[in-house]
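What follows is a single structure, written as structure tokens, with notes after it.
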Amino acid sequence: MGVFRFSVEDLTLHVILLIVVASDLNGVVTGLGSMSSIAISYGEYGSAFCGLKSDGSHFVACYGSNSAIISSTPSRTQFSGLTAGNGFVCGLLMNTNQPFCWGNSSFINIGIPRPMAISAEFIELSAGDHHLCGLQKPLMGKRRNYSLVDCWGYNMTRSHVFEGQIQSISAGSAFNCGLFSQNRSAFCWGDEISSGVISHVPKDARFRKISAGGYHVCGILEGIESNVLCWGTSWESEEQIAVALFRQGQVNVDLAPHDPMLSVVGGRFHACGIKSYTREVVCWGFRVDPSTPPPKGVQLYEIASGDYFSCGVMADKSLSPVCWGAGFPNVLPLAVSPGVCRTNTCENGFYEYNNVTLPCKSPDSRICVQCSNECPSEMYKKSECTKYADRVCEYDCSNCTSAECSSNCTYTDKKNERFLSHQLPVIIGVIAFAVLLVIVISLTAIFYVRYKLRNCKCGVKGIKIKNNGFQKDGGKIRSDFDELKIRRARVFTYDELEKATGGFTEDSQVGKGSFSCVFKGVLKDGVAVAVKRAILSPDMKKNSMEFHNELDLLSRLNHAHLLNLLGYCEEGEQRLLVYEFMANGSLHQHLHGNPKTLKSQLNWVKRVTIAVQAARGIEYLHGYACPPVIHRDIKSSNILIDEEHNARVADFGLSLLGPANSSSPLAELPAGTLGYLDPEYYRLHYLTTKSDVYSFGVLLLEILSGRKAIDMQFEEGNIVEWAVPLIKSGDIERILDPELPAPSDLEALKRIASISCKCVRMRGKERPSMDKVTTALERALAMLMGSPSNDQPILPTEVVLGSSRMHKKSSQRSSNRSELEGDMAGENEDPRVEFRAPSWITFPSVASSQRRKSSVSEADVVVDTKVSENKNSVGDGLRSLEEEIGPASPQQHAFLQHNF
């Protein structure tokens, strides 16, 4: 260690100065300290309190009467810790680990102290009256068992080399002390004057931490007791002062209390410590009168001392500073950091401080707070000290002997009684009211639903509404049309619609099917509409049946992704339905029409979005309509796209009201479109909602590949027969539409391809329901849009329901995007594809993996809608289907024989 020598004149002058200070407190005062999150400076220019901010920024804020410190505080510089002396404050810079000082001092350089070793980095600072010392980072290699301490200031400017690793340092008035990390012994160097603080260091004592004061040092001994041992003196050894202090009840600083301590600090002539049981502060030694006593019942995290006063950080969420003694600043910051940030992890016996805001800016740093020791008498340990919280003690009310314990337990009992007498009735009343409210709401909902469904009886034997309502007629549903006219859609006149469409000319025609044509028209109020006009034929009964069927279904259904029916016209032989106009035509036009630029308009996200929206509409038909609706004609030309590229399911001419139990089949003759028709429905005449699932699976394959359901220009003309084997072999890229660039991540499209394979299975009971298909598509769309979640995704509103379509007036869309009108008339799907189930068609089988040529020629697409009524045709059909879906079960055979 380094030793400094005073001359006799200097020593005498210093002793005289101390006597003057002890007798007259209004003279020159100084400040002391070790590095902490708070620092106290005193001097002839006034006092100052500095602390690191509690927001984790590591910025410093200073308050007090020393204008030199307050005005020169580096408010935007980050520090790891602070220390203070006579008229100056120093901090350890975070970026360079070097000291930086500000204020007014004749012995310490303002800024970075000089001289400074090149690239020197420090881990701790301590300031005395007029000097500053810094402990450098541990050495490596051969010198790892040595420690370097640099000091600057009055009679202290020197670099010291000590044998052994030093854990911490602390500064007194004109001396410094250190604590070795290996044997836990203390040592001091500098000028002890007449206090004997250097020569009287306890040789056999082992300390956990030490802290130096004016002319004394206190340390917390290792062990369970954690008692404090002090040496040195609080004042000059003059008999008069000692007698006066004894009469006042004050003792020398070396007579420390026997309470276990967590932390200890030294002032000029006094010392303070934090009790390990309660975290309350206790002080001993010389005190100035008048002075503020230490706070009682207040828990503290950190404490620091100046000459005649001390300050601490309150151990609560406010982190407010509190001071006691004489001469402390009248203004203090609102909140300060509870400790110094360290890079190493918290050791055993310490817990990591954690509050609402991060106390340390660096993610690898933390503030370690020492755990409190065992609970005091009359208290028991409720919980142990953990990594993030201190241990908790509570009074044992069954064994109270002190007034504090009795008052605490009495207060707790009274608090519980007050709660039971005042709060319990309120809680019971709130619970009773909540139960009553739930009952009332539930009953109201039940009666409301019963009222709404009073005329709706869903059953497997058909639908009956009143006596004159819907009746089963050959599988079709006729409505009470007189009542429907009153309650449902708007009634148009033929002249009104003829004028709106310009006389149903070819220029206004935007689409054509097997049984109807679609024209664009504009009503008197400027609303653009699509008018569907039935083609006149000798079979008016058939036309009227399909017209009434579609009118009835659309007037009773309401969903964002079903085509919105505006009205109808029924005059003489004319049957017309009026819909809102879909400016972007059909999905079929975009996938297969000309020009091919239409196809490029639908990227993968838009295509999958359209598939999700169409699935939502079909899911509504199957699961939310009462009774369920089976569309029977799901295909790309019946998926219309509005001006905002939202999909709507259209064309309900072939739709049927299904049974309430979706697993029960209807006995219906097959109807639909070639390539989309369910093979099980065609062969066995089993019609369930799973028939729509098959058609939708074909539609998904069409969206993925860009190929038509039946296209004879390819070697394998059936899309199911071509695509399913490739998907099962994992060769997904071969089925993707070559007109679009493949996405970087094919996982979403692989999932959609897997869904389509499940939808086109031969057996209906093996296909998923539409709600499961919709959920799977939504997850795939979420992955494609950048949200790879396996949970149910929350998709944008415009994906699920379309963007505010239900809230916009149709007149706002009347003039939007009519460029497709010319293409719509010429590029519609071939009307010959519509058919009524010919008995000779062979449907694709998932089981048949061989890529065989279809014997169906392109001319054979036009088929007759009649089915042979010969009983042998059913048996032949069943026998020919054994390879495809297996033989019919006895129940299926009985069903067929009974119905056909």
Distance check, please: which entries in K512/K606; K708/K772; K532/K606; K53/K387; K532/K728; K635/K750 exceed 32 angstrom between their Cα atoms? K532/K728
Please give me, ordered by residue number, the trypsin sites (Lys or Arg not before Pro) of segment 551-649 that lie in loop per DSSP and have at most 15 other Cβ atoms within 10 Å. K596
Could you list the trypsin sites (Lys or Arg not before Pro) in segment 182-223 that lie in coil according to DSSP, counting only those with at most 10 other Cβ atoms within 10 Å of their Cβ? K203
Using the count of nearby Cβ atoms within 10 Å as a rough guide to exposure, how do E570, E680, E668, E766 rank from fewest to most? E766, E570, E668, E680
Considering only DSSP states other than H, G, I, E and B, which GluC sites (Glu not before Pro) in segment 183-230 qualify as loop sites with at most 15 other Cβ atoms within 10 Å? E222, E225
What shape does segment 8-352 take by its C-alpha gyration tensor, where a ≥ b ≥ c are the square roots of the eigenvalues and a/c under 1.5 counts as rounded, a/b above b/c as prolate, and the rest as oblate? rounded
Starting from the Cα of D525, step 7 Å along the direction of its Cβ; do the same at F59; then give the gap between the two resulting points in nm. 6.1 nm
Relative contact order, percent, segment 584-806 [alpha-carbon distance under 8 Å, six or more residues apart]: 21 percent
Subtract the Cα-Cα distance of D771 and K296 from 0.36 nm times their separation in residues, and report this length gain in nm to one decimal. 164.3 nm
Could you give the C-alpha radius of gyration of segment 260-379 expressed as a fraction of 2.2 N^0.38 Å, taking N as the number of residues it contains? 1.11
Of K275/K381; K275/K296; K690/K758; K296/K382; K520/K596, which sit over 20 Å apart, Cα to Cα? K296/K382; K520/K596
G511 long-range amide H proximity, modeled H, under 5 Å: V518
For segment 584-806, what's the radius of gyration and Dmax over Cα atoms, in angstrom? 16.4, 47
Fewest first, what order do I224, I274 take by the number of other Cβ atoms within 10 Å? I224, I274
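Bear in mind these aren't lab numbers, they're just calculated from the coordinates by the rules spelled out. All of these numbers come straight from a predicted model, not from anything done at the bench. No Cβ is skipped: glycine too gets one built from the backbone with ideal geometry, and neighbour counts run over all protein chains shown.
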